[in-house]
Every structure is written in C-alpha cells, then in structure tokens.
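The values are calculated or read from the model by the stated rules, or taken from the named source; none is laboratory data. Please read all numbers here as calculations on a predicted model, not as lab measurements. Cβ: placed from backbone, ideal geometry, glycine included. Neighbour counts: every protein chain shown.
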Amino acid sequence: MKSVGRDFLVFTFVALILLSYGCGGREDSGALTSHAAPDFSLKDLNGRTYRLTDLKGQVVVLNFFATWCGPCRNEIPDFIQLHQRLRTQGLEIIGVSLDQDPGTVLGPFIKHYGITYPIVLGTREVVLDYGGIQGIPTTFIIDRNGTISDYFIGLRPGYQIEASVTKLLQQTG
C-alpha cells in the first residue's frame, strides 16, 4: 500500500509542475531525438494493454496530455483527423493521459471529443522514461524502427505534426 501512496504523491507532484508551466513547457534542443523510444506497457480504461514493441513497423505519435489542459484539448481534433486519414498507411497515435482521476474523467472526455485513437493511463515510470515530461502537451514522433524522430513540447499546429509523420511514413525502413 505504501507504493500506491508514494506513486500518487509523485504523480501529484508531476501534475503540479505541469500546472506551473501553464500546460506548455520550454522547447528543448532535441536531446531525445535519434534515440530508441523507451518501451512501455500501459493500460486503457478497459484494461487492454498497449506496448510500443507491439507497434514496431508503424509510425507512432505518442502524445502526453491531460483533460484539464486547454492546449491539449485544442490539438485533439488534428490528431483525430490525422489518425483517420493515415492509419491505413501505418500511423498509430497513442494518447497518454496524465490525469489524476482518469477513471472518472477520461470516459466522458473521449466520448465528448470523439477520440478514435487509443488513450492509455500514464504512469510515473513512463513520464520519467520519456525525459520527465516538462510540460503538456508533449508529443513524440517515433519512426517505424522505434527511434524518436522528433518531439514537441507545447501545442503545435496539426500541419507541423503531419509533416513529421508523413516524412516517416514515406520511408521504407
């Protein structure tokens, strides 16, 4: 039981840090690009497990967000549109919720926005594995070989995400 309480405190601390950034964080110099994306094993609200290793061969957009974050909500329609248009070409989008009470807020949120891509429940481990997530939204673009090709901290226009994704989808391997 101590582990659950400690994880809650760490997760709360991360949420407070994210709030202090006003959702968006500072831009980084790209220190994580060209590195293997950390594998994860995260569950959705129905208990289905998603692993990055299961998505090898696809281009993956990994988006860290929270339902209370305005910029996060603003980019969701672009992600939905991108997912619907490019999933048959090998694109997968995974939303990683950093909400404190996902069991209560995620279901209605997903329904309200009509989200068509998987939403999984973030953990302290995945936040740390992906560099500590300094602000949300934070989006990682992962190539077909599992390497981080690009990432963005803060809201980005859909065309910018699409340009990164399209370039990777056109590469054969």
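Among the candidates ASP78, ASP39, ASP54, ASP44, the residue that is touching a Leu at 6+ places or on another chain (Cβ under 8 Å) and over 16 Å from ILE133 (Cα atoms) is uniquely ASP44.
Yes or no, residue by residue, for (1) of a type in the set (D, E, K, R); (2) part of a strand (DSSP E or B):
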| residue | (1), (2) |
| --- | --- |
| ASP39 | yes, no |
| GLY47 | no, no |
| VAL60 | no, yes |
| ASP78 | yes, no |
| GLN81 | no, no |
| GLY95 | no, yes |
| THR104 | no, no |
| PRO108 | no, no |
| ILE141 | no, yes |
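Rundown of residues vs (1) out of contact with any Phe, Trp or Tyr (no Cβ under 9 Å at 6 or more places or on another chain); (2) surrounded by fewer than 20 Cβ atoms within 10 Å (Cβ to Cβ); (3) on the phi > 0 side of the Ramachandran plot, yes/no style:
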residue: LEU62; (1), (2), (3): no, no, no
residue: ILE94; (1), (2), (3): no, no, no
residue: TYR117; (1), (2), (3): no, yes, no
residue: VAL120; (1), (2), (3): no, no, no
residue: GLU125; (1), (2), (3): no, yes, no
residue: PRO157; (1), (2), (3): yes, yes, no
residue: THR166; (1), (2), (3): yes, yes, no
residue: GLN171; (1), (2), (3): yes, yes, no
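Apart from one condition, TYR117 fits all of (1) without any contact (Cβ under 8 Å) to a residue 60 or more places away in the chain; (2) out of contact with any helix residue (DSSP H, G or I) (no Cβ under 8 Å at 6 or more places or on another chain); the exception is (2).
Being within 16 Å of VAL165 (Cα to Cα) and either out of contact with any Lys or Arg (no Cβ under 7 Å at 6 or more places or on another chain) or free of Cβ contacts under 8 Å to residues at least 60 places away in the same chain (or both) narrows it down to one residue among GLY95, GLY47; which is it? Walk me through it before giving the result.
Working: GLY47 fails: within 16 Å of VAL165 (Cα to Cα).
The conditions single out GLY95.
Take the residues of the stretch 136-173 that are in contact (Cβ under 8 Å) with a residue 24 or more places away in the chain and among the basic types (Lys, Arg): which is nearest to PHE65 (Cα to Cα)? Among those residues, the one meeting the criterion is ARG156.
With respect to the conditions (1) in contact with a His (Cβ under 9 Å, 6 or more places away or on another chain); (2) acidic (Asp, Glu); (3) within 15 Å of LEU121 (Cβ to Cβ), GLU92 falls short on a single one, namely (3). Here the condition is being hydrophobic (A, V, I, L, M, F, W, C), at pLDDT 95 or above and more than 23 Å from LYS43 (Cβ to Cβ); of VAL165, VAL127, it holds for VAL165 alone.
I'd like to check something: does the stretch 37-49 contain any residue that is surrounded by 15 or more Cβ atoms within 10 Å (Cβ to Cβ), at pLDDT 50 or above and farther than 17 Å from VAL120 by Cβ? Checked against the condition, which is being surrounded by 15 or more Cβ atoms within 10 Å (Cβ to Cβ), at pLDDT 50 or above and farther than 17 Å from VAL120 by Cβ, the stretch 37-49 yields no hits at all.
Within the stretch 69-82, the residues that satisfy the criterion of being surrounded by fewer than 18 Cβ atoms within 10 Å (Cβ to Cβ) and within 15 Å of the chain's Cα centre (by Cα) are PRO71, ASN74, PRO77, ASP78, ILE80.
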